[in-house]
1. Quick check on this structure: which one of E226, E180, E187 is away from the ligand (no atom under 13 Å from the Cβ) and in contact with a Gly (Cβ under 8 Å, 6 or more places away or on another chain)?
2. Would you please name the residue that is farthest from T31 (Cα to Cα), looking only at residues in the stretch 242-286 that are in a helix (DSSP H, G or I) and β-branched (V, I, T)?
3. What is the one condition in (1) away from the ligand (no atom under 14 Å from the Cβ); (2) within 27 Å of the chain's Cα centre (by Cα) that D173 does not satisfy?
4. Looking only at the stretch 203-215, which residues are out of contact with any strand residue (DSSP E or B) (no Cβ under 8 Å at 6 or more places or on another chain), farther than 16 Å from R254 by Cα and either away from the ligand (no atom under 14 Å from the Cβ) or in contact (Cβ under 8 Å) with a residue 40 or more places away in the chain (or both)?
5. Just for the stretch 110-167: of the residues that are assigned to a strand (DSSP E or B) and over 24 Å from N178 (Cβ atoms), which one is farthest from the ligand (Cβ to nearest atom)?
6. Taking T196 and the conditions (1) touching a helix residue (DSSP H, G or I) at 6+ places or on another chain (Cβ under 9 Å); (2) within 16 Å of the ligand (Cβ to nearest atom), which numbered condition does it fall short on, given that it satisfies the others?
7. Any idea how many residues of the stretch 161-181 are out of contact with any strand residue (DSSP E or B) (no Cβ under 6 Å at 6 or more places or on another chain) and over 23 Å from Q235 (Cβ atoms)?
8. Looking only at the stretch 249-296, count every residue that is within 16 Å of the ligand (Cβ to nearest atom), buried (at least 18 other Cβ atoms within 10 Å of the Cβ), within 15 Å of the chain's Cα centre (by Cα) and among the small types (G, A, S) and tell me the total.
Amino acid sequence: ARPVRASLAPRRPEYVPSRIDDPNYVRIFDTTLRDGEQSPGATMTSAEKLVVARQLARLGVDIIEAGFPASSPDDLDAVRSIAIEVGNTPVGEDGHVPVICGLSRCNKRDIDAAWEAVRHARRPRIHTFIATSEIHMQHKLRKTPEQVVSIAREMVAYARSLGCTDVEFSPEDAGRSNREFLYHILEEVIKAGATTLNIPDTVGYTLPYEFGKLIADVKANTPGIENAIISTHCQNDLGLATANTLAGAHAGARQLEVTVNGIGERAGNASLEEVVMAIKCRRELLGGLYTGINSQHITMSSKMVQEHSGLHVQPHKAIVGANAFAHESGIHQDGMLKYKGTYEIISPDDIGLIRANEFGIVLGKLSGRHAVRSKLVELGYEITDKEFEDFFKRYKEVAEKKKRVTDEDIEALLSDEIFQP
Ligand code: KIV
């Protein structure tokens, strides 16, 4: 069915989820369709972006950054269709309608394009950014700090003047920006109407304790910050994006920018599934923080993003990698067969993963007697202890030569004359 244009659709009352009033509630801002799409080779068609956006809404993300509308007419169209459909469709048990966001640099043309794309959503947001580190201001923007502050202030005010009440501002490369300058520009954009202040570690340079301190310092030293939401945006250049994001949340950020499977520029972004499951798993240590993500949709979301972005996750990727819930060594398999909590901190059910066998056991050369015997029982074979010892010796010979021992290999070994009646 063709989506109804929001302007023609009957107006529904503004939806404000009550959970956002809770100081422990952490908003998940998903930028798979913007920063994620900036990964080399990950370009998606408008139709693909819409399919992924629908899934992000089912997953329960609070904000979908659907694209960078000024970057191309196609992207503007993609963001607009997402705003029209996904931005007006309640999902989940609480009838949540995600905020639909479009990125823009700090100039009128970009902001106009972003507004044109997102304004159809029930909860539209413009996200505007300008670099604030010395290295970026001097070499990329070729502007003085004073000029940068005045552009930021004017452009946030301009976005508000279009009728957008939800404006996010990012001082790009905040991780390498001068602190005093950062407090100053943030204070100015708050006065101009910014409602979310995102602190990007654009080049993934900070260490977790350092990034946590940056967020705590911004919170403590920026006048007016109590009326805004502090956000994190951590790139993964040193493999620290998830750790930095969690440090930011612990220090007071209540919006976390992430992507499914951690895709994004260069080494990618903080991964949604890692951040969300860490918060869920270690909630107490994080002072009771929680998100609105329905984690049972994580596996499906990961698969969809792999399919549409063409970027496949490595087998050992945390949470969603093929091996993340698989056990091969004898000691681990024995532990799992006795009690799953020995080697699993998350239940696969929690992320909507249905595994081929209940214990996630993968037979290989490291597997021990307990796991191999359990596999025989699972396949319906009962053999004596003596027969099993013979079988196990031959199993090891086969396993030495193979990466994985399949059910078919087991059947073939059992079909040898020694086990025939
Ligand atoms: O990495 C970055 O700084 C960004 C901003 C636009 C948030 O992507």
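The values are calculated or read from the model by the stated rules, or taken from the named source; none is laboratory data. Owing to the predicted nature of the structure, the values given are computational and were not obtained by experimental measurement. Heads up, the Cβs are rebuilt from the backbone with ideal geometry, glycines too, and the neighbour counts pull from every protein chain shown.
1. Details: E226 fails: in contact with a Gly (Cβ under 8 Å, 6 or more places away or on another chain); E180 fails: in contact with a Gly (Cβ under 8 Å, 6 or more places away or on another chain).
None of the others qualify; the one that does is E187.
2. Start the filter on the stretch 242-286 by keeping residues that are in a helix (DSSP H, G or I), which leaves 242-250, 260-262, 272-281.
The next check asks that each one be β-branched (V, I, T); those that pass are 242, 245, 260, 275-276, 279.
Details: T242: 15, T245: 14, V260: 8, V275: 14, V276: 14, I279: 19 Å.
Result: I279.
3. Checking D173 against (1) away from the ligand (no atom under 14 Å from the Cβ); (2) within 27 Å of the chain's Cα centre (by Cα), the one that fails is (1).
4. Within the stretch 203-215, L207, P208, Y209, E210 qualify.
5. Going residue by residue through the stretch 110-167, those that are assigned to a strand (DSSP E or B) are 124-131, 167.
With the extra rule that they be over 24 Å from N178 (Cβ atoms), the set shrinks to 124-126.
Numbers: P124: 18, R125: 13, I126: 12 Å.
Looking at the filtered set, the residue picked out is P124.
6. (1)
7. 5
8. Matching residues across the stretch 249-296 total 5.
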